[in-house]
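Read the figures in this text as sums done on the coordinates, not as results from a lab. Only a predicted model underlies this, so the values are computations on that prediction, with no experimental measurement involved. In this analysis, Cβ positions are derived from the backbone assuming ideal geometry, glycine residues included, and neighbour counts consider all displayed protein chains.
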Amino acid sequence: MNVQGPHYFTVDILGLEVKISETIVVGWIIIAFITALILFLTHNMQKIPSKRQSIAELIVTTVNKLVLDTMGKRNMAFAPYMATLFMFSLFGSLVGLVGLRPMTADYNTTLTWALLTFFMVQACNIKANGIGGYLKGFTEPVVFMTPLNIVSLFVSPISLSFRHFGNIAGGMVITMLVYFALTGLSTALGLSVPLATIGIPAVLSVYFDLFSAVMQAFIFVMLSMVYIGSANESEEE
Amino acid sequence: MEKAIVLAASAIGAGIAMISGFGPGIGQGYAAGKATEAVGRQPEASGAITRTMLVGCAVAESTGIYGFVVALILLFINPFIDKL
C-alpha cells in the first residue's frame, strides 16, 4: 500500500535548502483561484445587483448572519476572518475532486489554522479580562485545578486540528483501501481490466469528498467562532 | 523475523485502536436521536437545532479521531521498527 505524505522538492534559496511540499503548491493554486473568483464576482458592482454580484452578496450575507447568530453583535469584526477560513478550508478539501491532494489532508495546514484560532482566543481573553483576570482564570474554580486548566488549554487546538485532518485523511485512506480491495476482487475473478472498481468508489467520494469537506469546513469555523466568542466575554457582564 | 513480529503487532495495534470508533458512534447516534425529537417538538427551530447538533457531534467525534490518528501512525510510520 502506498498511502504517503505529500511529496516535496527542494529549492536552493541563498544557500538554504527549502522544502516545497505539494501542500504549499496546492495552497497557492487555491489562493489564486479564490482571488480570481472573488475578483470576477465583485468587479463592476452596481446598485442593482447583477447575477454575479448577487452570488457575492449571498456569500457575505450568509457569513454575516452566521457570525451574528453565534458570536453576537460585538464580534462582527471577526466575520472576514471566518469567511476566509471557511473558503480556504472548503476549497482545500474539495480540491481532491479534481485529482490534486487535498490540502487539509496534511496536518501542517490544519495545525496552522488551529494555532491561529488559539492565539486569537488568548488575545481576546487578555483583552476582555486584562492580564490579571486572564491569569486568574486558570485558578478557577479552585486553585489546585490549575495544572488541569493548563492542560485543557493546549488540548483545544490539538483536538480542533486533528478533527479536520482526521476526517479528510481518513476519507482518503478508506477510499484507497476500497480501491485496493476492488482491484484484488477483479484480479481474483480473472478480469484483465479492474471492472469492479466502477461505481462503488463514486458513492464513497460523494460522502468523503463532498459532504465531509463541507461539513468539516463548517465545523472548524463554527468551533472557532464559539471559542473566540466565549473568550471575548468578560467575567463581569 | 523480529521485524515481522513488530510489523504484525503494529497492524494488530492499529486494528485495536480503531475500536475507539464505537464510542463516538453511540454518542452521535444519541445526539441525532435527541435532535430528531427536538425537531419533532419544535419544527420551526430546526435550523438552530441542526447546527447545534452538528457542532456537538463534531466535538463528540474527537476521541474517535484520536484513535484513528494512532492507527494511522502505527500503520504508515511504524515507530517501533527503529526500536529494534
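Under a plain spin-label model, where a point goes 7 Å from the Cα along Cα-to-Cβ, how far apart in nm are residue A:76 and residue B:50?
Each label point is offset 7 Å from its Cα along the Cβ direction, giving 2.6 nm.
Quick check on chain A: helices-only [θ] at 222 nm, where DSSP H runs of length 4 and up contribute -39,500 (n - 2.57) each and the sum goes over total residues. Nearest 500, please.
Estimated from H runs of four or more residues: -23000 deg cm²/dmol.
Taking the alpha-carbon centroid of each part, what is the distance from the range A:59-77 to the range B:1-77 in angstrom?
After rounding, the separation between the Cα centres reads 29 Å.
Please give the calculated 222 nm ellipticity per residue for chain B, where each DSSP H segment of at least 4 residues contributes -39500 (n - 2.57) and the sum is spread over every residue; nearest 500 deg cm²/dmol?
Computed mean residue ellipticity for chain B: -24500 deg cm²/dmol.
HN-Hα J couplings of the range A:36-41 from phi, Karplus 6.51/-1.76/1.60, θ = phi - 60°, integer Hz, Gly and Pro as x?
Each residue of the range A:36-41 in turn: 4, 4, 5, 5, 5, 6 Hz.
Grab every C-alpha pair in chain B, bin the distances at 10 angstrom width from 0 up to the longest one, and report whole percents.
Final binned percentages: 17, 32, 21, 16, 10, 4, 0.
If you filter the range A:46-147 for trypsin sites (Lys or Arg not before Pro), then keep DSSP loop positions with at most 12 other Cβ within 10 Å, what is left?
A:47
Hey, quick one: spin label on residue A:139, modelled 7 Å out along Cα-Cβ, who in the range A:85-128 has an amide N within reach, i.e. under 16 Å?
Zone members listed by number: none at all.
Just how many % of Cα pairs in the range A:21-106 lie over 17 Å apart, if you round to the nearest whole percent?
Across the range A:21-106, Cα pairs with separations above 17 Å total 57 percent.
Taking R0 as 22 Å, what's the FRET efficiency between residue A:45 and residue A:69 from their Cβ-Cβ distance, rounded to 0.05?
0.25
Among the aspartates and glutamates, select those whose C-alpha is under 12 Å from the C-alpha of residue A:136, and discard any that sit fewer than 8 residues away in the same chain.
Candidates past the 8-residue exclusion: A:235.
Return a whole-number percent for the relative contact order of chain A, with Cα pairs under 8 Å and 6 or more residues apart as the contact set.
In percent, rounded to a whole number, it is 23.
At a temperature of 10 °C and a viscosity of 1.306 mPa s, determine how fast the range B:1-41 diffuses translationally according to Stokes-Einstein, using the Kirkwood radius over alpha-carbon pairs as Rh; express D in µm²/s, rounded to the nearest whole number.
D = 124 µm²/s.
So what's chain A giving for Cα Rg divided by 2.2 N^0.38 Å, two decimals?
Its radius of gyration relative to the 2.2 N^0.38 Å reference: 1.26.
Taking 1 over the mean of 1/r across every pair of different Cα atoms in the range A:68-118, what Kirkwood radius in Å do you get?
Across the range A:68-118, the inverse of the average 1/r is 12.3 Å.
Would you mind computing, in nm to one decimal, how far apart the modelled labels at residue A:192 and residue A:226 are, each placed 7 Å from Cα along Cα→Cβ?
Modelled inter-label distance: 5.6 nm.
Measure up A:47/A:73; A:19/B:3; A:65/B:34; A:65/A:127 against 28 Å on the Cα-Cα distance and list the ones that go over.
The answer is A:19/B:3.
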